[in-house]
């Protein structure tokens, strides 16, 4: 009996690539908004003002880093390099870590945030974590990923 070949970009791999492309658009939009915004640091807020300023810079730097990793991923997809799998796993771990750190920074600014802010922030981190876990599990277990990215 012939063994089925899983080579090629098909099935869930297409969904993963579309997801990565959408991440790219989100990061480009975020970087553009952060650079073009009329943001002025709120120094008279004391510690909170400095954290807001740090949050803006952290957001900008994290989105630039993630966009650069995405560009590397697109190169690895195009060349079908074996490095795609570990780089993609690193990307999803970075996305989760950056979202978690940003949420923690938000809670440092407002020690007693309204319930909806707490709920939205926790949902944001949990959604990002679940998405990361699902794609990492797919990358680790997928025969298609293993057979497609071999160079």
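A short reminder: the numbers here are calculations on the coordinates, not readings from a lab. Bear in mind the structure is a predicted one, so any value in this text is a computation, not a measurement. Here Cβ is always computed from backbone atoms with ideal geometry, including for glycine, and neighbour counts include all displayed protein chains.
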Tensor-based shape of the stretch 101-143 (alpha-carbon gyration tensor, a/c under 1.5 rounded, otherwise prolate or oblate): prolate
Separation between the residue 102 and residue 81 pseudo-spin-labels, each 7 Å from Cα along Cα→Cβ, expressed in nm? 2.7 nm
Within the stretch 64-78: backbone nitrogen closer than 17 Å to the residue 17 label point (7 Å, Cα to C-beta): 70-78
What base-10 log of the normalised intensity I(q)/I(0) is obtained for the stretch 12-145 from the Debye formula, alpha carbons as equal point scatterers, at q = 0.13, 0.15, 0.19 Å⁻¹? -0.63, -0.80, -1.13
Burial ordering of 37, 103, fewest other beta-carbon atoms within 10 Å first: 37, 103
Ranked from fewest to most other Cβ atoms within 10 Å of their own Cβ, 96, 107, 91 fall in the order 107, 96, 91
Amide N of the stretch 5-33 lying under 15 Å from the label point, which is placed 7 angstrom from the Cα of residue 71 along Cα→Cβ: 24-25, 27-29, 31-32
By Cβ neighbour count within 10 Å, fewest first, 88, 97 rank 97, 88
